[in-house]
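Step one of this worksheet: look at the structure below.
Every read-out reported here was derived from the displayed coordinates using simple, explicitly stated rules and does not represent laboratory data. Please read all numbers here as calculations on a predicted model, not as lab measurements. Cβ coordinates were reconstructed from backbone atoms using ideal geometry, including for glycine residues, and neighbour counts include every protein chain displayed.
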Amino acid sequence: MLLLFLAYALRVPLGIDNYVPAPASNPITKESAALGRKLFFDKRLSRDGTVSCATCHDPQYGFTDKHPKAVGIENKVGPRRTPRILNRAWGKRFFWDGRAPDLEHQVAQPIANPSEMDMPVAKVVARLAAIDEYKGIDEKGLRFALASYVRTILAGNSPYDRYLAGDNSALTAEQQVGLNLFRGKAGCISCHLGPNLTDEGFHVTAAGAIDDDAGHSLVSFDDNDNAAFKTPSLRHVAATPPYFHDGSAKTLDDVIDHYAKGGKPRKNLDPEIRKFSITPEEKRALVRFLEALTGEIREGYPE
């Protein structure tokens with residue numbers, strides 16, 4: 001009952017589940033979300049005070065950034081693209097390789113990562129504890145507050161959502177052609193399904209320019225998962241280029257071209273990656289449909 005009440009309080013937008021999940025050990029409250037939001041935008045969580053969580057997960061850019069790969073303190077460039085963190089309350093395993101089992105474990109890793117914020121979490125906590133507005137905070141409080149705030153970052157109410165809700169005029173005729181391609185011969189829905197347009201799984205799609213990134217196999221220790229990466233949600237995808245885990249696809253046309261060609265040869269290529277024919281008109285219709293996945297973003301616990 002508590003989670004259902006919180007879902008109402010969080011003003012869940014059209015198109016996603018009204019039930020916003022949170023672990024019993026860390027229920028979303030107004031206080032925890034507000035503290036997490038303050039921490040999310042605070043650059044003092046980084047070693048040199050120049051980078052916050054919001055530096056890479058920019059609310060004005062769909063909670064990602066415009067760089068092909070994440071850029072941390074001193075302009076250090078990481079190995080992968082900054083993922084969008086929309087609707088991550090429903091996420092299952094986090095990061096492109098899935099190394100974090102939940103948000104409570106995920107949120108601390110960028111703080112300690114030498115290429116991102118480069119600050120041991122214990123030192124961040126000691127720094128914050130000396131500041132009046134954070135007095136009494138400990139590592140658990142830091143992690144739980146940030147996780148609570150991230151769970152309030154919700155995206156929905158797109159033209160696609162309104163179309164599914166019964167408004168047939170929400171998608172243009174061309175976008176409806178694109179939807180049929182998405183569901184049909186393009187095969188996008190094999191992985192990008194459900195309210196968040198992701199199966200939350202890991203797939204070898206031979207996407208990206210990097211061939212030496214082991215991906216999910218670093219976590220699963222299974223060679224079949226070599227170069228397998230998390231299926232990203234497609235919410236706000238058209239508004240947040242570039243694409244793939246390494247940011248190597250500049251446009252949605254590039255993404256479609258990759259999959260239409262059947263990816264690149266790999267012995268462990270996902271069987272769902274199959275070559276298909278697509279005309280310029282069909283490609284345009286598919287892109288127009290993907291544009292219809294951009295809607296409304298809400299964040300924070302409402303006053």
Inset, instruction - Using the Karplus curve 6.51 cos²θ - 1.76 cosθ + 1.60 with θ = phi - 60°, work out ³J(HN,Hα) for each residue of segment 75-82 in order, rounded to whole Hz, and write x for Gly and Pro. - result: 6, 5, 9, x, x, 9, 5, 6
Inset, instruction - Be a star and scan segment 14-33 for residues whose amide nitrogen sits under 13 Å from the point 7 Å along the Cα-to-Cβ vector of residue 140. - result: 25-27
Inset, instruction - Please check which bits of segment 228-269 a label hung off residue 77 would reach, taking the label as a point 7 Å along Cα-to-C-beta and the cut-off as backbone N under 16 Å. - result: 242-250
Inset, instruction - Arrange the following residues from fewest to most other Cβ atoms within 10 Å of their Cβ: 202, 41. - result: 41, 202
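In which sequence would 296, 116 go, from the one with the fewest C-beta neighbours within 10 Å to the one with the most? Write out the running numbers ahead of the final one.
On the way: 296 15, 116 23.
Ordered by Cβ neighbours within 10 Å, fewest first: 296, 116.
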Inset, instruction - Using per-residue counts of other Cβ atoms within 10 Å, averaged over each peptide, order 234-245, 253-264 from highest down. - result: 234-245, 253-264
Legend entry - For segment 206-279: rounded, prolate or oblate by the Cα gyration tensor [a/c cutoff 1.5]: oblate
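Work out the FRET efficiency for residue 92 and residue 67 from their Cβ-Cβ distance, taking R0 = 25 Å, and round it to the nearest 0.05.
With a Förster radius of 25 Å, E is 0.45.
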Legend entry - Debye intensity ratio I(q)/I(0), log10, the chain, q values 0.07, 0.09, 0.15 Å⁻¹ (C-alpha model): -0.28, -0.46, -1.23
